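Reviewing the structure listed below.
The values are calculated or read from the model by the stated rules, or taken from the named source; none is laboratory data. Remember, it's a predicted structure, so these values are computed and weren't measured experimentally. Note that we place each Cβ from the backbone using ideal geometry, even for glycine, and neighbour counts take in every protein chain shown. Side chains included, ligands, DNA and RNA excluded: accessible areas come from the protein's heavy atoms. Shrake-Rupley method; radii C 1.70, N 1.55, O 1.52, S 1.80 Å.
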Amino acid sequence: MVEGLEEDGVQCHTTVGDIRSDGAWNIIPRGVLVKGSLRTFNDSLRGQALDRLNDLLRETDSEFGVESKLDLVHGTVPLMNEPNVTRTVLQVGHSLIGDKASILGRPLTVSDDFAEFLTRIPGCYFMLGAMPKGEPPPAHHSPGFRIDEEALPIGVKVLAGAASRLATE
């Protein structure tokens, strides 16, 4: 993950996750396909990040005598929690497990379909805190990813309690 632009302490992230060529390990390929993601929190940062990426491609083309093409495929929108739902989730979490549940984390550039749901229905994406004891596990979406499943019943209780409170409002 390459971290770059910042606005109010919020970073943009670019990840390259797939590189393919039409060559073999000992042959210079005619072409290379590089796929990745660009994650930002607003259109201004997205524009700045795309400008930088295009500049990098132009410099690479010029320096190495290659030709690059950037194709953008829209993924998901930034995930934005609804403040009132978030407050309810924090209150329910606090009533179940105390102060550990009332920690607001820094913004994250998650790429999740849930973000699309939140554009239509008010909700809250929250972290359950299911990191296993001992050394931190590898990142999400990696082969070694694992969780502490003992946290799952707490998550169910937070979801049920928040849903119950929100249904009565």
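See the values below:
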| read-out | value |
| --- | --- |
| The stretch 3-28 residues that are at pLDDT 90 or above, paired with ones that are in a strand (DSSP E or B) and of a type in the set (Gly, Ala, Ser) (beta carbon under 8 Å, 6 or more apart) | ASP18/GLY36 |
| Members of the stretch 108-120 found to be open to solvent by 60 Å² or more (accessible area, probe 1.4 Å) and either in contact (Cβ under 8 Å) with a residue 60 or more places away in the chain or outside any loop (DSSP other than H, G, I, E, B) (or both), listed by number | SER111, PHE114, PHE117 |
| Answer residue from the stretch 12-23, given it is more than 18 Å from ALA139 (Cα to Cα) and open to solvent by 50 Å² or more (accessible area, probe 1.4 Å) and is farthest from the chain's Cα centre (by Cα) among those | ASP22 |
| Residues satisfying the stated conditions in the stretch 87-136, i.e. farther than 17 Å from THR76 by Cα and aromatic (Phe, Trp, Tyr) | PHE126 |
| Among residues of the stretch 78-94, those that are part of a loop (DSSP other than H, G, I, E, B), aliphatic (A, V, I, L, M) and open to solvent by 40 Å² or more (accessible area, probe 1.4 Å), counted | 1 |
| Flag for ILE97 being assigned to a helix (DSSP H, G or I), β-branched (Val, Ile, Thr) and either at pLDDT below 85 or surrounded by 13 or more Cβ atoms within 10 Å (Cβ to Cβ) (or both) | yes |
| Some residue of the stretch 146-157 being under 16 Å from LEU96 (Cβ atoms), surrounded by 10 or more Cβ atoms within 10 Å (Cβ to Cβ), in contact with a helix residue (DSSP H, G or I) (Cβ under 6 Å, 6 or more places away or on another chain) and modelled with pLDDT of 95 or more | yes |
| Tally of residues being touching a Phe, Trp or Tyr at 6+ places or on another chain (Cβ under 9 Å) and assigned to a loop (DSSP other than H, G, I, E, B) across the stretch 129-162 | 3 |
| Selection count, the stretch 34-66, where residues are outside any helix (DSSP H, G or I) and either surrounded by 11 or more Cβ atoms within 10 Å (Cβ to Cβ) or at pLDDT below 85 (or both) | 10 |
| Flag if LEU104 is surrounded by fewer than 10 Cβ atoms within 10 Å (Cβ to Cβ), among the aliphatic types (A, V, I, L, M) and not in a helix (DSSP H, G or I) | yes |
| Neighbours by Cβ (under 8 Å, 6+ apart or cross-chain): first from the stretch 29-41, under 10 Å from VAL16 (Cβ atoms); second open to solvent by less than 80 Å² (accessible area, probe 1.4 Å) and assigned to a loop (DSSP other than H, G, I, E, B) | SER37/GLY75; SER37/SER111 |
| Some residue of the stretch 121-128 being among the aromatic types (Phe, Trp, Tyr), part of a loop (DSSP other than H, G, I, E, B), at pLDDT 85 or above and surrounded by 14 or more Cβ atoms within 10 Å (Cβ to Cβ) | yes |
